[in-house]
């Protein structure tokens, strides 16, 4: 009876270990971030054509972009593992804790990268190469160099994270388009205030790790000013889809409300800051981007179907 109990406990522990390993690999892909990127890519696909985009482009495109984005995230875990171990926000990550061996993480990320590239190649070479370039831009140029070289790291490196709407567009059309670049501009302008709000909240973490984020190098007050300026810039860039005829009245109203809300958070952060407001601004920025792209899609379908 005792032997059966020991065997049962061992079996339960083995199942628990396998579950934890699976969760650790999933964590390395940053699934919430990838989900947000895929939403912007899907909107890019839908805006590229008057009606519903071809199912092959949607399925292969989202799968390929998702796999390459997950690969970029996993490579980021590998390259940042020593810095992650020093920061309260990231010390629990699988590689920082040593739960996943580095070589296994590299193999995992490489398999995701190759699989994603192969899927996108089935659509067109332009999307495959652009997505790979975005991966390299984030995983190598930003993570290895920019992040540690300049306090403008997130401004310059944000271009890689802004690419998914363009990638979704090219997955359907196989061509670059000025309207797709407008979508990139939206995400590119949104990224600095989004990330700097987090950097204000985690300033001590970045300082401890020696990462020259803007609040560390230029101070919190300067960073608050930059957050406010970028939210105003985002509101102006947000008018371009309507001014160019890409989107209609529904988008204009929805985006204006969302952008004014972001400006409101930034104004309070600058002039009436309270404990936890930087974190609240960061969280609002996430919902802001999600809602902005949902409004873009709703406006597009309204125009297409009316």
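The values are calculated or read from the model by the stated rules, or taken from the named source; none is laboratory data. Remember, it's a predicted structure, so these values are computed and weren't measured experimentally. Please note: Cβ atoms are built from the backbone with ideal geometry, for glycine as well, and neighbour counts cover all protein chains shown.
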Inset, instruction - Could you list, in sequence order, all residues of segment 233-260 that are under 21 Å from the mean Cα position of the chain (by Cα) and part of a helix (DSSP H, G or I)? - result: 233, 234, 235, 237, 255, 258, 259
Legend entry - residue 181 being surrounded by fewer than 17 Cβ atoms within 10 Å (Cβ to Cβ), within 28 Å of residue 167 (Cβ to Cβ) and out of contact with any strand residue (DSSP E or B) (no Cβ under 6 Å at 6 or more places or on another chain): yes
Inset, instruction - Identify the residue in segment 159-186 that is over 17 Å from residue 146 (Cα atoms) and outside any helix (DSSP H, G or I) and, among all such residues, is nearest to the chain's Cα centre (by Cα). - result: 163
Inset, instruction - Might you let me know whether segment 3-15 holds any residue that is modelled with pLDDT under 95, assigned to a loop (DSSP other than H, G, I, E, B), outside the structural domain of residue 300 (by TED's automatic domain parsing) and surrounded by fewer than 21 Cβ atoms within 10 Å (Cβ to Cβ)? - result: no
Legend entry - Residues of segment 105-116 satisfying the condition of being surrounded by fewer than 19 Cβ atoms within 10 Å (Cβ to Cβ) and touching a helix residue (DSSP H, G or I) at 6+ places or on another chain (Cβ under 9 Å): 106, 110, 111, 114, 115
Legend entry - Subset of segment 196-210 (residues that are in contact (Cβ under 8 Å) with a residue 60 or more places away in the chain and in a helix (DSSP H, G or I)): 197, 198, 200, 201, 205, 206, 208, 209
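Residue-by-condition table, conditions (1) in the same structural domain as residue 202 (by TED's automatic domain parsing); (2) over 24 Å from residue 20 (Cα atoms); (3) outside any helix (DSSP H, G or I); (4) under 15 Å from the mean Cα position of the chain (by Cα):
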site: 45; (1), (2), (3), (4): no, yes, no, no
site: 50; (1), (2), (3), (4): no, yes, yes, no
site: 61; (1), (2), (3), (4): no, yes, no, no
site: 76; (1), (2), (3), (4): no, no, no, yes
site: 89; (1), (2), (3), (4): no, no, yes, no
site: 114; (1), (2), (3), (4): no, yes, no, no
site: 127; (1), (2), (3), (4): no, yes, no, no
site: 130; (1), (2), (3), (4): no, yes, no, no
site: 138; (1), (2), (3), (4): no, yes, no, yes
Inset, instruction - Determine whether segment 128-142 contains at least one residue that is more than 30 Å from residue 200 (Cα to Cα) and exposed (fewer than 15 other Cβ atoms within 10 Å of the Cβ). - result: yes
Inset, instruction - Within segment 288-302, track down each residue that is closer than 13 Å to residue 50 by Cβ and touching a residue at least 60 places away in the same chain (Cβ under 8 Å). - result: 300, 301
Inset, instruction - Test each condition in (1) in a loop (DSSP other than H, G, I, E, B); (2) closer than 27 Å to residue 132 by Cβ; (3) within 21 Å of the chain's Cα centre (by Cα) for residue 189 and report the one that comes out false. - result: (1)
Legend entry - residue 215 being within 29 Å of residue 83 (Cα to Cα), more than 20 Å from the chain's Cα centre (by Cα) and crowded, with 19+ Cβ neighbours inside 10 Å: yes
Legend entry - Filter result for residue 269 (buried (at least 17 other Cβ atoms within 10 Å of the Cβ), over 19 Å from residue 177 (Cβ atoms) and touching a helix residue (DSSP H, G or I) at 6+ places or on another chain (Cβ under 7 Å)): yes
